[in-house]
Structure formats: C-alpha cells, structure tokens
Amino acid sequence: MANAVGYRLRISRNPYFSSTIVDRKVNTADVIVSGLNEGAYYWVVQSYDAAEKESLESQKNRFTIIPKGKNTAAINLDVDPFTQHGHVIELTGKTEAGARVMVNGREVPVVGMDGSFHYFMPPLPQGESVITITAQNAKGGVNTLQKRL
C-alpha cells in the first residue's frame, strides 16, 4: 500500500481466527515466520499508516506445512501445452494421485483421484508472465515447473 508504514500479520489454525498463533506488526511487505508445526493454517494481513490506522483485512488465505522426508524424491508432474482464451490460461496435466497442485500460489481446487487436474487461471496482465506450477505430496515430495508466456 502506498501510504503504509507497516503491516499486521495474523496466523491462526482456523479460518475464524478464534485463536491466533501469530499476531505481529512488521515494517516490510515480506516476513519470515518460523516455529510452526505441521498442519493447516490461515493468514490475514492489514496495512497501517503513520497514525496506526489499520486498513480492512485482506482475504483469508490458507497454507499447509508438511514434513519433508529425508530421502524425498521429486514427484511426477506433466503439464499439457497451455490453451489461451484471451488473457485466461487453461491448464491441464497430471501428477501423483493424492498430490496437491498450486498454480502461481493458488491451489487447484479439484485434482482427480488419478492425479489429473484442469484449471483456469485468473486473467493475466498485459506483457510477459511467468506461470509456476507446483505439485506436492503428503510425504514432502515436490516438483515445480515454470513457463514464460
């Protein structure tokens, strides 16, 4: 935010934030949080100005911490050629059964029982874009592909 002097980050185990694990004010737009155990978490952020007036909360976002195996190998991730519909990209592909798939940080909502996925990205801005697709299984196996458009 243009007039922000800092940000308030809150992390909770539930989307209602009835019990907050982290409630921290920081003066940069990026922060490192350590010491979180495995499992699902939700986060929300607000900016504040020099008078400490806070903005509205951002949308609630979810992330999951999973253990990384000692001998974790990359999992299979095959992505078909992109189909472009104006500024919208349609992605299809396949990964390991039971794996999660993220596209530019957004979770693909439906991954088939066989690992197949189909996803329409939000509209892209004008100019060159980088699309990052990541598949991750519950054992910590991961595979990431990046494509430039």
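So here's what we get for this one:
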| quantity | calculated |
| --- | --- |
| Proximal lysine pairs, the chain, alpha carbons under 20 Å, eight or more residues apart or interchain | 6 |
| In sequence order, calculated HN-Hα J values of segment 120-131 (Karplus, 6.51, -1.76, 1.60; Hz; x Gly/Pro) | 9, 6, x, x, 8, x, 5, x, 6, 10, 10, 10 |
| Selected from Leu91, Leu77, Leu56 as most flexible by GNM, with the chain as the system and alpha-carbon contacts under 10 Å | Leu56 |
| Gly98 long-range amide H proximity, modeled H, under 5 Å | Gly115 |
| Length added when fully stretched, Thr64-Gln84, from 0.36 nm per residue minus Cα-Cα | 4.2 nm |
| Linear extension gain, Asp114 paired with Asp30, 0.36 nm per residue minus alpha-carbon span | 26.6 nm |
| Carbon/sulfur fraction of accessible area - segment 30-149, other protein chains in place, 1.4 Å, % | 52 percent |
| FRET efficiency, Ala74 to Glu128 (Cβ-Cβ, R0 35 Å, nearest 0.05) | 0.85 |
| Shape box of the chain [Cα atoms, principal axes, largest first, Å] | 51, 41, 25 |
| Segment 62-149: chymotrypsin sites (Phe, Trp or Tyr not before Pro) in DSSP coil with no more than 15 other Cβ atoms inside 10 Å | Phe82 |
| Phi-based couplings in Hz for segment 2-7 (Karplus 6.51, -1.76, 1.60; Gly and Pro marked x) | 4, 9, 6, 9, x, 9 |
| Spacing of the two label points (7 Å from each Cα toward its C-beta) at Thr92 and Tyr16, in nm | 4.1 nm |
| Shape category assigned to segment 1-86 from the gyration tensor of Cα positions, a/c cut at 1.5 | oblate |
| Per residue accessible area in Å² of the chain, where ligands, DNA and RNA are left out and the probe is 1.4 Å | 65 Å² |
| Under Karplus coefficients 6.51, -1.76 and 1.60, residue-wise ³J(HN,Hα) of segment 24-29 in Hz, glycine/proline x | 10, 9, 10, 9, 10, 7 |
| Size of electric dipole in segment 1-130: Cβ of Lys, Arg +1 and of Asp, Glu -1, about Cα centre, debye, nearest 20 | 500 debye |
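The values are calculated or read from the model by the stated rules, or taken from the named source; none is laboratory data. Computed from a predicted model, the values in this text were never measured in an experiment. Cβ atoms come from the backbone with ideal geometry, glycine included; neighbour counts cover every protein chain shown. The protein model used for the area step is the full one, side chains on, heavy atoms only, and it has no ligands, DNA or RNA in it. Shrake-Rupley method; radii C 1.70, N 1.55, O 1.52, S 1.80 Å.
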